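Heads up, the thing below is written out as structure tokens.
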Number of protein chains: 2
Amino acid sequence: MINKYQKLIKSLHQKKFRSSENLFLVEGGKSILELFSAENNFNKISIQALFYTEHFAQENQELLPLFQKQVAHSELVTQTILHSVGTLQTNENAIAVAKMPANFPLKVENEMVLALADIRDPGNLGTIIRIADWYGIRKLICSETTTDFYSPKVIAASMGSFLRVKPFYCDLAQYLAMQTDMGIYGAFLKGKNIYEQKFEQRGIIVIGNESNGIPDDLVGYIPNKITIPRFGEAESLNAGIATAIICDNWRRGA
Amino acid sequence: MINKYQKLIKSLHQKKFRSSENLFLVEGGKSILELFSAENNFNKISIQALFYTEHFAQENQELLPLFQKQVAHSELVTQTILHSVGTLQTNENAIAVAKMPANFPLKVENEMVLALADIRDPGNLGTIIRIADWYGIRKLICSETTTDFYSPKVIAASMGSFLRVKPFYCDLAQYLAMQTDMGIYGAFLKGKNIYEQKFEQRGIIVIGNESNGIPDDLVGYIPNKITIPRFGEAESLNAGIATAIICDNWRRGA
């Protein structure tokens, strides 16, 4: 791999270089296959470069030439190189350098979206992206304190779902303040039992921080306070689990 | 810390020494406080030794003497020592050496239990223990291939819930074969929509492996095949997320 790309890929482990280059990494065979598939890549994320192993080339003999046409640069590399520049513990397949979409404002159309108020853990964000994709949610409105959607850990944890769910990072209080014609829901300790909540079809589900829940400055913008009933003793559920249960109850009740 | 204990604690990172010593580690302030609290420690796990920092002693001045009465050995140690013998990235509080309960056969009384068919990831198992505790499930019937309940990662990820949920490791096919007078449920690709499933109050929910789902040799023992409806594109949900959604639907429908 030429030195320029080695440097570039390593730099993209860090947010500041992703932001300045407007590029991010996609790693691992499965995510790469989805990235190059028009059918799975709803967000039309375009690709600048592809680095693949002999193993990947063998496994994807028919697809590889089509992939190569889509990128400005493609290159066969050893697995050792892939490991030395990438972030995964094991990756015997490929790394792609993809173009980061602009942080374009996302409106709530006739749909449910998620608002993430300060999700800090990349693994949790990746899991939430995957859950959103499972339940057919296409937009995440993220507070500026929410961890970077395009970090390698988030991309990996989303299991390909980053291709079908879009983020918009903004001042979340301001965003919520402007949404007055739809249902806005958030989980609180003493809210309405989620089993009895009737959800509107158009709206926003606000997901709070892993340790502190929904920040105080957002509470006033969330008229529908809901609670997941507890039947045992655990003090809390993690943010990904809570997101899944709320989405499931919304879809079930719809 | 005396050399004997340094060696012991480090050895308990490994399953073979946990099994031979019948001991396991509990790390971090919050888990330790729950461990020593009769109110939270449903499983009556007893404690052999406690190693705590000056910080922990300051924060728990009234409780510490009561804790010390419960253990054969307690000792003030530096944070550096705690780090060098323990497994957590940050632990400014304490480590306890606790007695591992015997692998006692667990019967299904008038209750719902979970059966774990080959859960390999310690983080997933910890999350499942926490979810079980949230939904008031007290027993996990684990296949012998399921990762060790008493490993430090599982204990940490369970966030204290290991004190209220008990495992029984066994031949799961044999166990299920003997349970004929209750509802046995498991998630499959083409099962009954979980929103329409009526759950019996007494039964077993079988949770499959992260990658391969429920093993073939168990399928015949699971008359109630259920499916979590998907509304979008994600290929699958992780084992912890699926467990939470199934438990929530069971409790909601009850």
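The values are calculated or read from the model by the stated rules, or taken from the named source; none is laboratory data. Fair warning: this is a prediction, and the values are worked out from it, not measured in the lab. Every residue, glycine among them, receives a Cβ derived from its backbone with ideal geometry; neighbour counts consider all protein chains shown.
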Task: Subset of the range B:157-177 that is of a type in the set (Gly, Ala, Ser) and surrounded by 23 or more Cβ atoms within 10 Å (Cβ to Cβ) - its residue that is nearest to the other protein chains (Cβ to nearest Cβ) - done: B:Ser161
Task: From A:Arg120, A:Arg130, residue being within 14 Å of another protein chain (Cβ to nearest Cβ) and either outside any strand (DSSP E or B) or at pLDDT 95 or above (or both) - done: A:Arg130
Open item on the list: Going through B:Met182, B:Met178, B:Met159 one at a time, which residue ends up being at positive phi, of a type outside the set (Gly, Ala, Ser) and not assigned by TED's automatic domain parsing to the domain that holds B:Gly28?
Closed with: B:Met159
Open item on the list: Between a residue in the range B:173-202 that is free of Cβ contacts under 8 Å to residues at least 40 places away in the same chain and any residue that is among the aliphatic types (A, V, I, L, M) and assigned to a strand (DSSP E or B), which pairs come within a Cβ distance under 6 Å, given they are 6 or more apart or on different chains?
Closed with: B:Gly191/B:Ile226; B:Lys192/B:Ile226
Task: Residue satisfying all of: in the range A:232-254; more than 7 Å from chain B (Cβ to nearest Cβ) and aliphatic (A, V, I, L, M); farthest from A:Glu196 (Cα to Cα) among these - done: A:Ala239
Task: Filtered residues of the range A:178-229 (kept if within 14 Å of chain B (Cβ to nearest Cβ), surrounded by 16 or more Cβ atoms within 10 Å (Cβ to Cβ) and over 21 Å from A:Asp118 (Cβ atoms)) - done: A:Ile194, A:Tyr195, A:Gln197, A:Phe199
- [ ] Being within 14 Å of another protein chain (Cβ to nearest Cβ) and surrounded by fewer than 16 Cβ atoms within 10 Å (Cβ to Cβ) is the filter here, so list the residues in the range B:94-117 that pass it.
- [x] B:Glu111
Open item on the list: Anything in the range A:137-171 that is touching a Cys at 6+ places or on another chain (Cβ under 9 Å) and closer than 16 Å to B:Ser236 by Cα? List them, or say none.
Closed with: A:Ile137
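Could you please find all residues in the range A:47-71 being surrounded by fewer than 12 Cβ atoms within 10 Å (Cβ to Cβ) and either in contact (Cβ under 8 Å) with a residue 24 or more places away in the chain or closer than 12 Å to A:Gly29 by Cβ (or both)?
Going residue by residue through the range A:47-71, those that are surrounded by fewer than 12 Cβ atoms within 10 Å (Cβ to Cβ) are A:58, A:61-62, A:65-66, A:69.
Residues satisfying the conditions are A:Gln58, A:Leu66.
Assess whether A:Ile137 counts as being at the interface with another protein chain (Cβ under 9 Å from one of its Cβ atoms), closer than 12 Å to A:Phe162 by Cα and hydrophobic (A, V, I, L, M, F, W, C).
Numbers: at the interface with another protein chain (Cβ under 9 Å from one of its Cβ atoms): yes; closer than 12 Å to A:Phe162 by Cα: yes; hydrophobic (A, V, I, L, M, F, W, C): yes.
Considered against the rule, which asks whether it is at the interface with another protein chain (Cβ under 9 Å from one of its Cβ atoms), closer than 12 Å to A:Phe162 by Cα and hydrophobic (A, V, I, L, M, F, W, C), A:Ile137 comes out as yes.
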